[in-house]
Amino acid sequence: MHITSAFPEPIVKLNELSIAELRRLLDNREVSAQDVLNDIMGRIDAVEDRVGAYVTVTRDAARAMAERADSALAARRAGLLTGIPLAIKDNICTMGIRTTCSSKILYNFVPPYESSVTSRFAEHGYVLTGKTNLDEFAMGSSTENSAFQTTRNPWNLECVPGGSSGGSAAAVAANECIAALGSDTGGSIRQPAALCGVVGLKPTYGRVSRYGLVAFASSLDQIGPITKNVTDAALMLNVIAGHDPLDSTSAPVEVPDYASFLGKEVRGLRIGIPKEYFIDGMHQEIDHSVRSAIRQLESLGAVPVEVSLPHTAYAVATYYILATSEASSNLARYDGVKYGFRAKGKDLVDMYMQTRAEGFGPEVKRRIMLGTYALSAGYYDAYYKKGQQVRTLIKQDFDKVFEDVDVIATPTTPSPAFRVGEKATDPLEMYLSDIFTISVNLAGVPAISLPCGFTGGNLPIGLQIIGRSFDEATILQAAYAFEQSTSWHTRRPLL
Ligand code: GLN
C-alpha cells in the first residue's frame, strides 16, 4: 500500500481504511489526522445526500479535534484513537453538540454533559464526525421511525439499513466514518450491522457504561461498536469497556486486552447451534450462508454441537412487554418543561399533552401506550410480572447451554435488508425482524454480528456469535478466526 498526502490521487482513500490501518499510518506520521478527516468529509459530501446517515455532521468540532490530534501525534502523545474519525449514534449525549434521538421532542436538545463512552473516546484522541440517525428513541428496526429522514442502505438505496442504529451502520458501510457507536436494546447494533455488511458488537449488560445514553429500556440498553472488521471492534471495546462509577449498573469486572485474543486458534472451541434458530421457512440464502459459516469454523477445528434454547418462542413477546414498560417510564420525563420541544397549551396539563402529542412519533406513542397498559394496576401481574418470569427462563436457557459450549452461532436476522416502506405499516412484521437478536438482550449476554455471505441480489448476510456473560474475548476470537479465513469483510458497496 502506498499512501502519502503528496499524491493527488492515492490508490486507497484514507476513509476506506480501518482503525488498525490508520493507527499505523498516523503513528508513523505517513498521514496526518487532518488528511484522514479531509477524506472522510469529502466522502460525506459525495454520498451523504443519498445515504442520509447523519442527523448532524460536526465539521467544526471535527476540524478542531483533528488539529489537536495532529499536535498529540507530533508530540508522540497519541492514544488508541488519536486522529480516528468516528460517528456517534444520536442518542448518546455529547456536551454542547445537539443530541436528538431522531425525535422532534429533542430536536433542539444540547446536552450539558458528556456521556462516559465519548469522554473515553476523547481521552484517547478521537475525532467526532457527527451524530448518526436512528429510529426515534431507538425504537425500530429500519431507521424509518426517525422524525428527520430515512437512512438508506449503501448496498441498495431502495432498502433500509436496519435499525435502530441504521445511521451508524450505513455510515461505516459507506466509508463516511471509520467506525461508529450504536446502542442495542433488542438488536439495534447487530441487526443494522448485518444488513449493512459490517461488524456490530453488543457487549454484556454492564460491560460498557450507559451514562449519557438516553434511556429506552434501561435493563436491556447497551452501547457497542460498529466497525469494518473484528479487529476494530476489539480496539473500540478496549476503550469503552470497564466499570464507571457514574452508572450503577456498570459492572466492576476486570477488562482483558481484547486485541490479544485475535489470532488465537479456535481448535476445540465448542459452538452451540440452537435448533430453534434454524427453522422451516427460513430465508434460504441466509440459512445456506450461516450453515456454510459454521462448516468453515468446523474446518478451523471448532466443534459444532446441536443445542436447544427452548423458550426462544417467547422472546419477542417478552421483550415487547418489558421494553415498552421501561420505555413508558423512561419517556415520562419529556413533558415540554425540562428538555427540547414545547407546544402551546391553554394550561399546564394541556401543554404537557400537546407537547407529547406533537413531539413523539407514532411508534413511540404505540410503545408508551403498550408499556403503560402492561404496568397498570390489574394488568401488572399478567403482563409485566409474567414477562419478568419468562425473562428468567430465557436467561436460564443460555446458562444451561453455556455449561456445554463456549459460544453459540446463529443467523443475525431472519431476512436480508428489506425495501423502504415494506414493513412500515405492519408493526408486528417489523418486531419479528429482531427474532434472533432479542433473546441475547433479555439474557444480558454479549454477541457479535459479522458478514458471512451475500444474497443473489448482493445484500449482506450476518452471522451472530453469542458468548457467556463478560466473555466478549471468546466471541471476538471466534469471529476473527472466521473473518480471516474468508473474504466477506473485504467487500464494499459501490455507491
Ligand atoms: N428493533 C427493536 C425495537 O424496536 C430493538 C431496538 C433496539 O435495540 N434499540 O425495540
Considering segment 128-167 alone, what residues qualify as being near the ligand (Cβ under 10 Å from one of its atoms) and either within 13 Å of Gly197 (Cα to Cα) or assigned to a loop (DSSP other than H, G, I, E, B) (or both)?
-> Leu134, Asp135, Met139, Gly140, Ser141, Ser142, Asn145, Gly162, Gly163, Ser164, Ser165
Kindly check whether there is at least one residue in segment 53-70 that is crowded, with 24+ Cβ neighbours inside 10 Å and of a type in the set (Val, Ile, Thr).
-> yes
Select from segment 396-434 the residues that are at pLDDT 90 or above and of a type in the set (A, V, I, L, M, F, W, C) and list them in ascending order.
-> Phe398, Val401, Phe402, Val405, Val407, Ile408, Ala409, Ala417, Phe418, Val420
Complete set of residues in segment 291-322 that are surrounded by 20 or more Cβ atoms within 10 Å (Cβ to Cβ), in contact with an Asp or Glu (Cβ under 9 Å, 6 or more places away or on another chain) and of a type in the set (Ser, Thr, Tyr) = Thr312, Tyr319
Hey, among the residues in segment 93-105 that are more than 21 Å from the chain's Cα centre (by Cα) and within 11 Å of Gly359 (Cβ to Cβ), which one's surrounded by the fewest Cβ atoms within 10 Å (Cβ to Cβ)?
-> Lys104
If you go through segment 191-232, how many residues are small (Gly, Ala, Ser) and out of contact with any Asp or Glu (no Cβ under 7 Å at 6 or more places or on another chain)?
-> 5
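Taking Glu422 as the residue in question, decide whether it is part of a loop (DSSP other than H, G, I, E, B) and either among the polar types (S, T, N, Q) or surrounded by 17 or more Cβ atoms within 10 Å (Cβ to Cβ) (or both).
yes
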What is the residue count in segment 474-495 for residues that are assigned to a helix (DSSP H, G or I), within 16 Å of Ala193 (Cβ to Cβ), touching a helix residue (DSSP H, G or I) at 6+ places or on another chain (Cβ under 7 Å) and not small (Gly, Ala, Ser)?
-> 5
Which helices (runs of 4 or more DSSP H) does segment 337-410 wholly contain that include 3 or more residues that are charged (D, E, K, R) and surrounded by 14 or more Cβ atoms within 10 Å (Cβ to Cβ)?
-> 362-375, 386-401
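May I ask you to list the residues in segment 116-127 that are part of a helix (DSSP H, G or I) and not aromatic (Phe, Trp, Tyr)?
Of everything in segment 116-127, those that are part of a helix (DSSP H, G or I) and not aromatic (Phe, Trp, Tyr) turn out to be Ser116, Val117, Thr118, Ser119, Arg120, Ala122, Glu123.
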Does any residue of segment 269-280 turn out to be at pLDDT below 95, over 25 Å from the mean Cα position of the chain (by Cα) and either over 30 Å from Pro111 (Cα atoms) or more than 16 Å from the ligand (Cβ to nearest atom) (or both)?
-> yes
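The values are calculated or read from the model by the stated rules, or taken from the named source; none is laboratory data. All values derive from a computational prediction rather than experimental measurement. Here the Cβ is made from the backbone with ideal geometry for all residues, glycine too, and neighbour counts use every protein chain on show.
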